[in-house]
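Data first, discussion second: the structure below is written as C-alpha cells.
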Amino acid sequence: DAYIIYDKATLEIIDTNKQVTSLFELSPEKNLSGLYLSQIMLRYLAPESPNLEFLMNSVSEPWIGEADFLTETKKKVYGIVNTNILSASDCESGYQVMSIRDITEIKEARNEVKKSKISVEKAATSKARFLSSMSHELRTPLNGIIGTSHLILSEANLKEEIKDHINVIRYSSE
C-alpha cells in the first residue's frame, strides 16, 4: 500500500512511503512532504473518479472507498483508499494516514470477465436463434413428406415393393 501521513487540521503532508512514488510513477527524488493533500488529489485524481468530491474536500474524516488516479505518465490506476486518524501528543489536531491499495489488475480482470460474459451471451443467443430457425426449416418439409407418405400408403392396389419403399421414407422422416 502507498501511505501518505498528513496533519488532520491543515492537510499538510508530513511523510510518504516509497510505494507512493511507485504508484504515481514519480521520480525517486520527488518529495511530497510540505505539500498539501488537496494538491496531490488535484494532480493525480482522475476527473471521472468515484468519490472525487469527498477526496478533494473531506479527507479529514475516517473513510474507506474507491478512487481512480492518473499517474505522471497518465496511466490509469484504480485504488482502494482508506483514511485513519492517528493521535499524537505533539500535534493537537492529530495526524491522519491515507493508504491507497492498487487494485488495477483486479479491476481490469473484472472488466475482461464482463466483456467475455457479454460475448458468451451473444454467442448463446445466436446459437439459440440458429437452432430455432433450423428446426423450423427442417420440420416443415419433413411434415410434408410424412403426410404424403401416409396418403400414398392409404391408396388401394399399391404394389408391395412400393409400400416397402414408402414405409422406409415415412419411418426415416418420422
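Summary of computed values
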| quantity | calculated |
| --- | --- |
| Whichever residue in the stretch 4-46 is part of a loop (DSSP other than H, G, I, E, B) and among the hydroxyl-bearing types (Ser, Thr, Tyr) and, among such residues, is farthest from ARG101 (Cα to Cα) | THR10 |
| Sole exception among (1) part of a helix (DSSP H, G or I); (2) surrounded by 10 or more Cβ atoms within 10 Å (Cβ to Cβ) for HIS136, by number | (2) |
| The stretch 144-174: number of residues that are open to solvent by 100 Å² or more (accessible area, probe 1.4 Å) and either in a helix (DSSP H, G or I) or modelled with pLDDT of 90 or more (or both) | 6 |
| Pick from the stretch 52-80, criterion within 19 Å of LYS8 (Cα to Cα) and in a loop (DSSP other than H, G, I, E, B), ranking: most open to solvent (accessible area, probe 1.4 Å) | GLU61 |
| Some residue of the stretch 77-91 being touching a residue at least 12 places away in the same chain (Cβ under 8 Å) and farther than 21 Å from ILE5 by Cβ | yes |
| Filtered residue count, the stretch 150-174, keeping only those that are over 60 Å from the mean Cα position of the chain (by Cα) and hydroxyl-bearing (Ser, Thr, Tyr) | 1 |
| Tabulated pairs, the stretch 107-126, first touching a residue at least 24 places away in the same chain (Cβ under 8 Å), second surrounded by 10 or more Cβ atoms within 10 Å (Cβ to Cβ), C-beta under 6 angstrom, 6+ apart or interchain | LYS107/TYR78 |
| Residue match in the stretch 29-41 (condition: charged (D, E, K, R) and either over 28 Å from the mean Cα position of the chain (by Cα) or closer than 21 Å to LEU86 by Cα (or both)) | yes |
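The values are calculated or read from the model by the stated rules, or taken from the named source; none is laboratory data. It should be emphasised that the depicted structure is a prediction, and the values quoted were computed from it without experimental measurement. We place every Cβ from the backbone using ideal geometry, glycine too, and count neighbours over all the protein chains shown. Note: areas computed on protein heavy atoms with side chains; ligands, DNA, RNA excluded. Shrake-Rupley method; radii C 1.70, N 1.55, O 1.52, S 1.80 Å.
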